[in-house]
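Peer 1: Before we start, here is the structure in question, set down as structure tokens.
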Amino acid sequence: MSKKNWKGVPIEKIRDWQISFAAESMDFLVPGPCPVCGQSSLRRYYHLGHFEAREIRGVRYQGKGSVWEWCSSCGTYSHSQAYVPETWKDLRLDVDHSKLTPVPDVIDDLISSLT
């Protein structure tokens with residue numbers, strides 16, 4: 001299990017954090033440096049909770065769920081409800097969803113074992 005010191009996004013970095021994760025990604029690896037520590041270790045994971053295909057402002061979604069966004073280097077993270085983009089494909093992770101919490105440690109451990 002991950003031994004990181006997980007922490008929320010500092011208030012002064014929230015805007016930069018949102019910009020860093022604004023780019024749509026079809027994978028859990030997010031390009032670019034972390035706005036908190038500068039390392040290129042940004043990750044994202046969506047969990048589809050309820051399939052309900054829809055289009056919002058020209059973007060197609062699979063349905064409602066949750067999103068985790070974090071830096072695997074410094075342990076900064078955010079977790080929220082979200083619409084899961086139609087482009088999201090999670091073919092490489094075998095996540096036990098019963099073990100998920102707002103902290104992305106379970107997902108981070110799985111990704112670390114792949115990279």
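The values are calculated or read from the model by the stated rules, or taken from the named source; none is laboratory data. Everything numeric here is computed off the predicted structure, so don't read it as measured data. Cβ sites come from the backbone with ideal geometry, for glycine too, and all protein chains shown count toward neighbours.
Peer 1: For Asp27, only one of the following conditions fails: (1) surrounded by 12 or more Cβ atoms within 10 Å (Cβ to Cβ); (2) over 15 Å from the mean Cα position of the chain (by Cα); (3) among the acidic types (Asp, Glu). What is its number?
Peer 2: (2)
Peer 1: Pull up segment 51-78, narrow it to residues that are touching an Asp or Glu at 6+ places or on another chain (Cβ under 8 Å) and either within 21 Å of Pro10 (Cα to Cα) or of a type in the set (Asp, Glu) (or both), then point me to the one that is surrounded by the fewest Cβ atoms within 10 Å (Cβ to Cβ).
Peer 2: The qualifying residue surrounded by the fewest Cβ atoms within 10 Å (Cβ to Cβ) is Ser78.
Peer 1: Going residue by residue through segment 44-52, is there one that turns out to be touching a Pro at 6+ places or on another chain (Cβ under 6 Å) and of a type outside the set (D, E, K, R)?
Peer 2: Within segment 44-52 (the criterion being touching a Pro at 6+ places or on another chain (Cβ under 6 Å) and of a type outside the set (D, E, K, R)), the answer is no, since none of the residues qualifies.
Peer 1: (1) within 29 Å of Lys3 (Cβ to Cβ); (2) among the polar types (S, T, N, Q); (3) more than 15 Å from the chain's Cα centre (by Cα); (4) surrounded by 12 or more Cβ atoms within 10 Å (Cβ to Cβ): which one isn't true of Ser113, the others all being true?
Peer 2: (4)
Peer 1: Follow-up. Since Phe28 meets every condition but one in (1) touching a residue at least 12 places away in the same chain (Cβ under 8 Å); (2) out of contact with any Lys or Arg (no Cβ under 7 Å at 6 or more places or on another chain); (3) not acidic (Asp, Glu), which condition does it not meet?
Peer 2: Tallying (1) touching a residue at least 12 places away in the same chain (Cβ under 8 Å); (2) out of contact with any Lys or Arg (no Cβ under 7 Å at 6 or more places or on another chain); (3) not acidic (Asp, Glu), Phe28 fails exactly one: (2).
Peer 1: Looking at segment 79-108, which of the residues that are surrounded by 13 or more Cβ atoms within 10 Å (Cβ to Cβ) and acidic (Asp, Glu) is farthest from Val59 (Cα to Cα)?
Peer 2: It comes out as Asp105.
Peer 1: Name the pairs whose Cβ atoms lie under 6 Å apart, with the first residue in segment 8-24 and farther than 24 Å from Thr87 by Cα, the second at pLDDT 95 or above and assigned to a strand (DSSP E or B), and 6 or more positions between them or separate chains?
Peer 2: Val9/Thr76; Val9/Ser78
Peer 1: Would you pick out the residues in segment 34-58 that are over 24 Å from Val95 (Cβ atoms) and without any contact (Cβ under 8 Å) to a residue 12 or more places away in the chain?
Peer 2: Gly38, Glu55, Arg57, Gly58
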